[in-house]
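In what follows, a structure is listed as structure tokens, so that the remarks can point back to it.
The values are calculated or read from the model by the stated rules, or taken from the named source; none is laboratory data. Since this is a predicted model, take the numbers as computed values, not measurements. Ideal geometry is used to build each Cβ from the backbone, glycine not excepted, and the neighbour counts take in all protein chains shown.
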Protein chains: 2
Amino acid sequence: MTDAKTVSEKASPKQMADAIRVLAMDGVEKAKSGHPGMPMGMADVATVLFSKFLKFDASRPDWADRDRFILSAGHGSMLIYALLHLTGYKAATKQELSNFRQWGSKTAGHPEYGHMPGVEVTTGPLGQGLATSVGFAMAERHLAAKYGKDLVDHRTWVVAGDGCLMEGVSQEAITLAGRYQLNKLTVLWDDNEITIDGKVSLSDATDQKGRFKAAGWAVKAIDGHDMKAIKSALAWATKQDKPTLIACKTKIGKGAATMEGSHKTHGAALGAAEVAATRLGLAWQHEPFELPEAVDKAWKKVGRRGATERKAWEARLAASSQAADFTRAMKGDLPEGAFAKIDAKIAELVETKPAQATRQSSGAALDELFAAIPELIGGSADLTGSNNTFVKDTPIFDAPTYEGRYINYGIREFGMAATMNGLALHGGVIPYGGTFMVFADYSRPAIRLGALMGVRAIHVLTHDSIGLGEDGPTHQPVEHLAALRAIPNLLVFRPADTVEAMECWKLALEHKTAPSALALSRQKTAAVRTVAATENLSGKGAYELRAANGAAKATIFATGTEVPLALAAADRLEAEGTPTRVVSVPCFELFFQQPKKYQDSVIGRGTVRVAVEAAIQQGWERFIGEDGGFVGMSSFGASAPAEVLYEKFGITTDAVVDAVKARL
Amino acid sequence: MTDAKTVSEKASPKQMADAIRVLAMDGVEKAKSGHPGMPMGMADVATVLFSKFLKFDASRPDWADRDRFILSAGHGSMLIYALLHLTGYKAATKQELSNFRQWGSKTAGHPEYGHMPGVEVTTGPLGQGLATSVGFAMAERHLAAKYGKDLVDHRTWVVAGDGCLMEGVSQEAITLAGRYQLNKLTVLWDDNEITIDGKVSLSDATDQKGRFKAAGWAVKAIDGHDMKAIKSALAWATKQDKPTLIACKTKIGKGAATMEGSHKTHGAALGAAEVAATRLGLAWQHEPFELPEAVDKAWKKVGRRGATERKAWEARLAASSQAADFTRAMKGDLPEGAFAKIDAKIAELVETKPAQATRQSSGAALDELFAAIPELIGGSADLTGSNNTFVKDTPIFDAPTYEGRYINYGIREFGMAATMNGLALHGGVIPYGGTFMVFADYSRPAIRLGALMGVRAIHVLTHDSIGLGEDGPTHQPVEHLAALRAIPNLLVFRPADTVEAMECWKLALEHKTAPSALALSRQKTAAVRTVAATENLSGKGAYELRAANGAAKATIFATGTEVPLALAAADRLEAEGTPTRVVSVPCFELFFQQPKKYQDSVIGRGTVRVAVEAAIQQGWERFIGEDGGFVGMSSFGASAPAEVLYEKFGITTDAVVDAVKARL
């Protein structure tokens, strides 16, 4: 913490904050769209945070031990762009600011991870920045336990608005953070009493402070425009043994000449007249995106505040025996030999051919991977035994040491998925988490955001079809495979047996810039991979599992637990004189990335094509064409034992054989 | 409220509760799957509730003014099945109980709405029963305002577990209920400190009572096995001016010989030995599903408790001038002439041809419908102006009168959708609610549950593509049309202009047993329906909007804002000598319900087929075949003005023309 006077001898903190206000107002005005109200309201808080507390060095946005600043209220993106520009982040040029919300700029409407250095996470879908921050804070605690305070010792600061706090996921996030006493996490709540439709009181009367206290947080309320109060509250936050909420009472659009405090400043440009009047009121005589020299100097100095500390940290890292491992883990590279054990196991499995549920196969994969890849940190949303996510003897992640690698996420699927995104974004860990596949609907917003950001979070989704049985249609995925496959940049795996499950786990780990979803069965299924392969066949997305006896007349495509059924149908057809191929399709996305020639060879046009999957047809036409057969579901499931359901819904060997014959 | 002694002179309340315990244990044992722990733990609370407070008449499960009992912790389904059986619901036979979780039984693994009378809502996906109950309680308040206390005066009772309370949606639900002071809503929290993975404390340390207080609830904590305390707490709940939480400290699996209090009773049969020992401990000498006569009699008397009150209510209804209207509304029938105004407007629109955003078209439809259908009750998740969900001069739904028909749902998309399910299930109202289409991911679990239950909830989803523009990829739906179309029994409409929007609104209202999603544009689009039609063309799902000039060589399919683009492409192709049809596809689901002959006539095999939609291709193969062209998205969007995005992502007239030409 640096004293204010040394930061700027000429520009006052008020002027520094006004620089944010004007930049935000001007950026939105130029774009003719955006949200000026929030950055203007939170400018004072942000100024104190950045100039006195946030550990960062603008010249090194990737400094591993920086504090993380997360703008959960992502619509106020000009706040972070202004801060990055003012403090001298190289990428945050004046040009970028004046190109706010335009094609090809780094200053997207909402902060996008990977566009502008300094943006730690993509935000905008409300509540998720806050929920993701829990993952950042967990990663910090875990890595501090592993590598020591010398290498890992930083905080996570979140700016959240009323919208973030109204979203249900915020409850999952704050109760997780409270349970794990993540005392290096601070939420700065922009308590401006305004939402898009008007006053917060229109739709909410929650005592937010009481609610956070009930979740195990330390809470303080301040005037968010009182620099002294802000400073003292931030200092207080750094000394608590719980996560901290600072309720900052602010005026939205603070400083706007006539609109201060109005919801009209929330989501639209203020307009030329208001902008001019506001300039006048703030005594700001500079052109758009131009800064007074003293203000510019003061902010640039803030941007250099952390340089000394950063250099000292680099020296400590250089001297550390853990340097190589730490650097590798933070880069997201796997340890050397990470797959040695699992590859040996795969070689063994083609011999032993175990019949087991693919959720067990996934558990078996974890057994081989967990020790080999110390970055793996897993958990389940209260379905540990069902999800097979726990590796025997793993210590539990918990206060005070946090060295455990298994997280009891509780019944918080969405919160878990967002936390996983945060863990992955922080780096140094590779998160996986389990729930029933049907509850991917609950976590979907975070799965999508992970796909958009391109983070390696591995979603273990068990009980992947009507094979779940008696729990019934509320718990039986039917449309979920299609719905997940619809998300761009998400790898959806549905392995057929233990060999494929292990291959899919490897692929999920190898893809550093995409999340994965593993669809896994509750019910036992036969081994189908009984011949040693020289490569990871699942990596092709789809492959000929069994060739036809002679020139193929039919091709049967299947995934997961339906592959044995496809093989049985092929047996029957072959016996009846119809040469039939069987294609296993563990991953649509990877298949459609293969060369056209390979795709054509697998798809087998000219043969009768039938697919079988205990799910809806949507998407399968790319394999079977318009006239192909599909054996699967076209409605919700029902409550009954699994084998009865397969029979009643007509997902049987007979049905597959008939579908082929009808087309021969 | 009836005195205990008059209910049963022989069976004690304890024995009555034990009947629930034994039935639950036996049902699960027979099925070899299920959740005995919760029903056994909450048997005492349920006994007091049913025998002294719940207003119901087992012989009339459809009595409109009954109290609603909602088992949010749906895994404990044997609790409700046992209660319905014990109190004499005709459908809840011994046979059904012993067929628990079997094909064709009414006793599904989780309570399914529409299977067993007395089950008010499908529960199981945690938190949603609680969230849905808010809709029930809102409907009651609104209808009481409309029809008076004589016809509408009942309570909503919810049994919720730790899982329900950990789910984020519970926060949205309780803050909504708190804001609207729904004092006839009571949550009975099964505070048993156990989740599937073990103790609640493994993953949660929330002060639930403090949290509910912060949400504006009145809170009481009791011993959930102390009948006297239960009775006094339930009486207290009926006298509060806020929604009420009763924290019932219970032992999971209460009464089980050795497993009482253990998470092992949560989700599996107890096993023959434990069942026998438990029988012994409870001095229960009857065979499975057999009841002691005194217990049976006492419970049957409970089932008749409300008969007098029900008859009195029926007399009041018969005497009421509102009888016909109330009965019609509760049946879900639309008022006579409901569509007169909108039909006249449609006739006008083919002449006036307004160019406007389809969200405005939807607003225009509401303008015509809202007065004609007084059951319509709408709202928005804090995007009223953007969603065009507000009809001018509509009073706001709020305490103390609740007569308003516009609900400020706040930033609670999931909570809103679940509330809408509750409103629809209660009956007497037809709910709609708006948010951005991308946030259908947030509300998806409730949209799905609505589809599974078959309730008429209308989801108004605006900003339906990259046409949303500058807000960027976090806010731009790309995969959402496919993902929503994947949900069985959900009607997904994407109207092209105001005429189609009005047609789609009519269809949404006419389909009483399916929810609808309306995908609506932010950006302006030209009118495409410029010729009067004799029927609701959107009702066919897809139809030839423009015939080819001569024998068609090409067919272009489009939806929503891409229909004008398809028409422009057809113009170009026709000019170049290629006869081209244009097919508008407002609703996949309705199209695939049409006769095969109609489908074939629309699809136009033998012509070159190209589809254009600013979304991913998945699902379009059913129109364009394997070799057809698709102009749309294959990645997430970006932040820039809408027209720039259409150009950059190649969704243009040129692209459609090229796609056709490449295939001619």
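Numbers below:
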| item | result |
| --- | --- |
| Residue count, the stretch B:112-135 (criterion: surrounded by 24 or more Cβ atoms within 10 Å (Cβ to Cβ) and within 20 Å of B:Ala64 (Cα to Cα)) | 10 |
| Verdict on A:Phe53 being over 17 Å from A:Ala24 (Cα atoms), at pLDDT 95 or above, within 19 Å of the chain's Cα centre (by Cα) and away from chain B (no Cβ under 14 Å) | no |
| Residues satisfying the stated conditions in the stretch B:155-174, i.e. touching a strand residue (DSSP E or B) at 6+ places or on another chain (Cβ under 6 Å) and assigned to a helix (DSSP H, G or I) | B:Asp162 |
| Count of the stretch A:73-106 residues which are at negative phi, part of a loop (DSSP other than H, G, I, E, B) and at the interface with chain B (Cβ under 8 Å from one of its Cβ atoms) | 3 |
| Of all residues making up the stretch B:107-133, the number that are within 8 Å of chain A (Cβ to nearest Cβ), closer than 13 Å to B:Cys164 by Cβ and β-branched (Val, Ile, Thr) | 1 |
| Out of B:Gly433, B:Gly427, sole residue that is farther than 27 Å from B:Arg622 by Cβ, more than 7 Å from chain A (Cβ to nearest Cβ) and surrounded by fewer than 24 Cβ atoms within 10 Å (Cβ to Cβ) | B:Gly427 |
| Lone qualifier among B:Ala137, B:Ala205, B:Ala177 - being farther than 24 Å from A:Pro473 by Cα and outside any helix (DSSP H, G or I) | B:Ala205 |
| Selection count where residues are under 21 Å from A:His35 (Cβ atoms) and among the small types (Gly, Ala, Ser), scope the stretch A:131-185 | 6 |
| Long-range neighbours under 7 Å by Cβ, at least six apart or interchain, first residue farther than 17 Å from A:Tyr147 by Cα and among the hydrophobic types (A, V, I, L, M, F, W, C) within the stretch A:298-322, second in a helix (DSSP H, G or I) and at pLDDT below 95 | A:Ala298/A:Val7; A:Val302/A:Val7 |
| Residue in the stretch A:448-460 that is crowded, with 24+ Cβ neighbours inside 10 Å, more than 14 Å from the chain's Cα centre (by Cα), over 24 Å from A:Val583 (Cα atoms) and within 11 Å of another protein chain (Cβ to nearest Cβ) present | no |
| Spans of helices (runs of 4 or more DSSP H) in the stretch B:435-525 with at least 2 residues in contact with a Ser or Thr (Cβ under 9 Å, 6 or more places away or on another chain), in contact (Cβ under 8 Å) with a residue 24 or more places away in the chain and among the acidic types (Asp, Glu) | B:498-510 |
| Scan of the stretch A:601-629 for residues that are more than 12 Å from every other protein chain (Cβ to nearest Cβ) and more than 18 Å from A:Gly469 (Cα to Cα), ordered by number | A:Ser601, A:Val602, A:Gly604, A:Gly606, A:Thr607, A:Val608, A:Val610, A:Ala611, A:Val612, A:Gly629 |
| So A:Gln240, is it within 30 Å of A:Pro431 (Cα to Cα) and not assigned by TED's automatic domain parsing to the domain that holds A:Arg21 | no |
| Within the stretch B:277-368, helices (runs of 4 or more DSSP H) holding 1 or more residues that are over 30 Å from B:Ala496 (Cα atoms) | B:293-304, B:307-319, B:323-331 |
| The lone exception for B:Thr534 - which of (1) buried (at least 24 other Cβ atoms within 10 Å of the Cβ); (2) free of Cβ contacts under 8 Å to residues at least 24 places away in the same chain it fails | (1) |
| Matching option when the condition is more than 28 Å from B:Gly385 (Cα to Cα), more than 8 Å from chain B (Cβ to nearest Cβ) and modelled with pLDDT of 95 or more, among A:Ala221, A:Ala160, A:Ala214 | A:Ala221 |
| Cβ-Cβ under 9 Å pairs, at least 6 apart or on other chains, the stretch B:192-209 side more than 7 Å from chain A (Cβ to nearest Cβ) and in contact (Cβ under 8 Å) with a residue 24 or more places away in the chain, far side small (Gly, Ala, Ser) and surrounded by fewer than 22 Cβ atoms within 10 Å (Cβ to Cβ) | B:Asn192/B:Gly261; B:Glu193/B:Ser201; B:Glu193/B:Gly261; B:Ile194/B:Gly261; B:Ile194/B:Ser262; B:Gln208/B:Ala247; B:Lys209/B:Ala221; B:Lys209/B:Ala247 |
| Residue identified as within 13 Å of chain A (Cβ to nearest Cβ), touching an Asp or Glu at 6+ places or on another chain (Cβ under 6 Å) and surrounded by 17 or more Cβ atoms within 10 Å (Cβ to Cβ) among B:Asp398, B:Asp382 | B:Asp382 |
| Residues being crowded, with 16+ Cβ neighbours inside 10 Å and either of a type in the set (Lys, Arg) or in contact with a Phe, Trp or Tyr (Cβ under 9 Å, 6 or more places away or on another chain) (or both) - total across the stretch A:347-360 | 1 |
| Considering residues of the stretch B:630-664 that are part of a helix (DSSP H, G or I) and within 14 Å of chain A (Cβ to nearest Cβ) only, the residue nearest to the chain's Cα centre (by Cα) | B:Ala642 |
| Test for A:Gln171: is it surrounded by fewer than 24 Cβ atoms within 10 Å (Cβ to Cβ), assigned by TED's automatic domain parsing to the domain that holds A:Thr122 and at pLDDT 95 or above | no |
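Let's see how each residue does on (1) closer than 24 Å to B:Arg581 by Cβ; (2) among the aliphatic types (A, V, I, L, M):
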site	(1), (2)
B:Ala483	no, yes
B:Ala486	no, yes
B:Lys506	no, no
B:Gly541	yes, no
B:Val563	yes, yes
